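Reviewing the structure listed below.
The values are calculated or read from the model by the stated rules, or taken from the named source; none is laboratory data. Model, not experiment: these values are computed from the prediction. Here the Cβ positions follow ideal geometry from the backbone for every residue, glycine too, while neighbour counts run over all protein chains shown. All accessible areas refer to the heavy atoms of the entire protein, side chains included, with ligands and DNA or RNA removed. Shrake-Rupley method; radii C 1.70, N 1.55, O 1.52, S 1.80 Å.
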Amino acid sequence: KRMTLLPDQHEYAVRQIAEDPTVLYLRLALGVVSNWTSFGSFQGSLPATVPCLIDSIFDEIEATYGPVLTRTSLALITFSNGGVSDIEMTDILSMNNEVLSEVFQYSNPGVKRLPSHVWSRLRGALIDLLAKRDGGCYIWYHRQLKEAAERRYEGLRMKAHEVREREGERKKEGGCCN
């Protein structure tokens, strides 16, 4: 982004990055900093360690895109074998009534299908956290992101596997996540 930090924003960012001067922390911090505005609050948005920064990022994404949609999507990425493609993610999320209820809480489209743009927008917010494998499957960019997601979404592990199995049975043809 073409932006200039205010002096107090710059000072805060440099101070926080100096606490954990690793490439991963810097990459994650730059993602957070790129969303700062000249009028918004930024204090406290860069926790001092990578695990705390990842949790903060996950908190923000859940608040923005909805906790059910986000947690379900991140659990699917985390507990899949080999990642999840865009089509698979949209199909699996469409099978989850809790996700559909959250997404359609203010409307009734008459179709039990998650619009593809909903996953696309969430994926866009995750783009600096994910890597795309051959075949178009998304996995975590870094081991620490996967570990943080495993800790955070452990309670959804079995549900993610059950949904993947149902999707696999429905398709009879595996995708990225066999």
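Here are a few things to note about the model shown:
- Span-like helix ranges in the chain, DSSP H, alpha carbon extent 20 angstrom or more, Kyte mean at least 0.5: 50-65
- Projected onto their three principal axes, the Cα atoms of region 1-60 cover extents of 27, 23, 20 Å, largest first.
- Our estimate of slack between Thr37 and Lys112, defined as 0.36 nm per intervening residue step minus the Cα-Cα distance, is 23.2 nm.
- Residue-normalised convex hull volume from the C-alpha trace of region 73-171: 104 Å³ per residue.
- Taking all Cα pairs closer than 8 Å and separated by 6 or more residues, the relative contact order of region 60-157 comes to 36 percent.
- Convex hull per residue volume in Å³, alpha carbons only, for the chain: 128
- For region 20-178, the solvent-accessible area with a 1.4 angstrom probe is 54 square angstrom per residue.
- The residue list Leu76, Phe58, Val14 was ranked by how far each Cα lies along the charge dipole of region 1-106 toward its positive end, using unit charges on Cβ atoms, and Val14 comes out on top.
- Total lysine pairs under 20 Å (Cα atoms) in the chain, excluding pairs fewer than 8 apart on one chain: 6
- Computed from point charges on the beta carbon alone (+1 for Lys and Arg, -1 for Asp and Glu), the dipole magnitude for the chain about its Cα centre is near 440 Debye.
- Annotation: extensible slack from Asp86 through His10 equals 23.7 nm (criterion: 0.36 nm per residue apart, minus Cα-Cα distance).
- A Förster radius of 35 Å combined with the Cβ-Cβ distance from Ala18 to Lys132 puts the calculated FRET efficiency at roughly 0.65.
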